[in-house]
Amino acid sequence: MSETTEPRKPARKKVELDPKLARYKGVWVFVEHERGQVHPVSWELMGEGRKLADKLGVELAGVVMGAPGEDTRTFCHQAMHHGADLCYLIADEVLRDYRNEPFTKGMTDLVNTWQPEILLIGATTLGRDLAGSVATTLKTGLTADCTELAIDMENRSLAATRPTFGGSLLCTIVTLNYRPQMATVRPRVMAMPKRDESRTGRIVEHPLGMIETAIITKVLEYIPDNLQGKPQLAFADIIVSGGRGMKKQENFQRIWDLAKVLGAEVGATRPIVQAGWVEADRQVGQSGKTVRPKLYIAAGISGAIQHRVGMEDSDVIIAINSDPNAPIFDFATYGIVGNAMVIVPALTDAFRQHLSTSRMAG
């Protein structure tokens with residue numbers, strides 16, 4: 001009689017951290033700001049950074065770079081209100097507008113001086129540009145566009161999870177024998193922490209040591225995102241999204257009509273974007289945008305995991321689908337079983353009438 005044995009799993013190789021790198025301690029969050037406004041992803045990351053720092057038993061720090069003045073110091077105090085223990089500040093006139101060269105030098109100098117073990121940056125246009133150049137300059141690893149962060153306490157590694165293979169899979173990446181461990185995180189993926197104005201901390205100032213004539217790039221004009229005509233799904237309070245259940249491109253106009261009445265942004269699933277019905281900036285899901293609106297209306301969307309991870313943290317989800325067994329009904333706040341081509345126009349008319357009556361009454 002022969003015995004059967006289960007196949008042995010390969011032994012996990014233990015990596016000993018270089019003693020020089022073992023001195024790196026602390027979690028940092030880059031505080032992104034433009035024209036006096038901090039990007040919300042910075043505070044979302046501060047909340048997540050607080051969890052990582054507590055697990056590692058280290059301090060959480062914000063990093064603020066900008067022109068001298070009250071704004072930059074205010075941002076430092078706001079970082080503390082959102083969970084930071086301290087804030088590193090580089091205030092210099094050449095940092096008034098974002099340019100890769102001075103910001104990369106500033107961040108690199110800070111890291112080399114104070115040696116954090118983790119550095120988190122928002123996966124925004126600015127953040128992606130800065131993170132890539134800083135990681136290259138520091139010769140360390142960078143996991144981009146993450147949706148989840150955790151700590152492996154066996155070796156204090158940052159386990160950074162991101163979509164791969166076009167959003168069909170999630171992979172977790174660790175940066176073992178390099179410091180700092182860097183990651184960029186999508187806006188609206190992490191929950192916004194509660195603001196606590198009683199929290200205080202210290203501000204550590206650091207010089208930039210760079211003059212304007214040494215910087216190749218010059219700022220000629222500032223064009224805000226809201227003037228570029230691009231979708232702003234990440235910041236929308238209401239989103240109306242359509243999927244394959246809308247059948248044909250001309251039927252998708254019903255989604256636009258409802259969104260217009262509600263003052264909402266229009267979203268879509270990956271197949272809709274691939275079919276060319278809407279631009280790629282409107283895709284919601286693993287390989288698109290992650291959103292957290294107050295109201296998310298999903299019409300003709302089945303609720304596959306690729307789409308779900310991009311919108312499941314919405315405050316209220318209304319699902320419209322002709323299949324009563326569609327996965328989206330498992331996590332929707334309200335579900336309507338029926339033909340989206342009939343229900344969406346009916347909702348549009350009902351909302352239009354209700355809002356018109358409300359305005360007259362006001």
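The values are calculated or read from the model by the stated rules, or taken from the named source; none is laboratory data. Quick caveat, the model's predicted, so the values are computed rather than measured. Neighbour counts are summed over all protein chains in view; Cβ atoms, including those assigned to glycine, are modelled from backbone coordinates with ideal geometry. Heavy atoms of the whole protein, side chains included, go into the accessibility calculation; ligands, DNA and RNA do not. Shrake-Rupley method; radii C 1.70, N 1.55, O 1.52, S 1.80 Å.
Mark the label point 7 Å from the Cα of Gln37 along Cα→Cβ and return the residues of region 55-76 whose backbone N is within less than 15 Å of it.
Output list for this probe position: empty.
Going by a 4.7 Å Cβ-Cβ cut-off, which cysteines of the chain have no partner at all?
For the chain, the answer is Cys146, Cys171, because their Cβ atoms have no other cysteine Cβ under 4.7 Å.
Region 149-267: percent of C-alpha pairs farther apart than 20 Å?
Values: 5178 of 7021 pairs.
Above the 20 Å cut-off, region 149-267 has 74 percent of its Cα pairs.
Percent relative contact order of the chain, based on C-alpha pairs within less than 8 angstrom and at least six residues apart?
On the way: 726 pairs, mean separation 49.2, N = 362.
In percent, rounded to a whole number, it is 14.
What nm distance separates the two modelled labels at Asn155 and Thr108, each placed 7 Å from Cα along Cα→Cβ?
2.7
For region 238-360, what relative contact order do you get, as a whole percent, if you take Cα pairs closer than 8 Å and at least 6 residues apart?
Details: 242 pairs, mean separation 30.0, N = 123.
So the answer I get is 24 percent.
Quick check: the angle from helix 253-262's long axis to the longest principal axis of the chain, C-alpha only, nearest 10 degrees?
70
Determine the dipole magnitude for the chain: charges of +1 sit on the beta-carbon of Lys and Arg, -1 on that of Asp and Glu, nothing else is charged, the reference point is the Cα centre, and the result goes in debye to the nearest 20. Don't skip to the answer; put the middle values down first.
Details: 42 positive and 42 negative charges, 129 e Å.
So the magnitude is around 620 debye.
Which pairs in the list Lys139/Lys194; Lys51/Lys139; Lys25/Lys289; Lys230/Lys260 are over 23 Å apart, alpha-carbon to alpha-carbon?
From Lys139/Lys194; Lys51/Lys139; Lys25/Lys289; Lys230/Lys260, over 23 Å: Lys139/Lys194; Lys51/Lys139; Lys25/Lys289.
Rounded to a whole number, what % of the accessible area of region 11-214 do carbon and sulfur atoms account for, probe 1.4 Å?
On the way: 4730 of 9140 Å².
Carbon and sulfur together cover 52 percent of it.
Compute the label zone of Asp129 within region 22-44: residues whose backbone N is under 19 Å from the point 7 Å along Cα-to-Cβ.
Only 30-42 fall inside the zone, counting backbone N under 19 Å.
Based on the mean of other beta carbon atoms within 10 Å per residue, what is the order of 126-132, 293-299, most packed first? Before the final figure, lay out the partial values.
Working: 126-132: 19.7, 293-299: 23.1.
In decreasing order of mean packing, 126-132, 293-299 become 293-299, 126-132.
Between (1) 1.01; (2) 1.04; (3) 1.26, which entry matches Rg/Rh (Cα atoms, Kirkwood Rh) as derived from the coordinates of this structure?
(2)
Calculate what fraction, in whole %, of the accessible area of region 238-360 sits on carbon and sulfur atoms when a 1.4 Å probe is rolled over the protein chains. Could the numbers behind the result be given before it?
Numbers: 2970 of 6000 Å².
Here carbon and sulfur together make up 50 percent of the probe-accessible area.
What number comes out for accessible area per residue over the chain if the probe is 1.4 Å? Units Å², please. Spell out each step's value before the answer.
Values: 18680 Å² over 362 residues.
Per-residue accessible area for the chain comes out at 52 Å².
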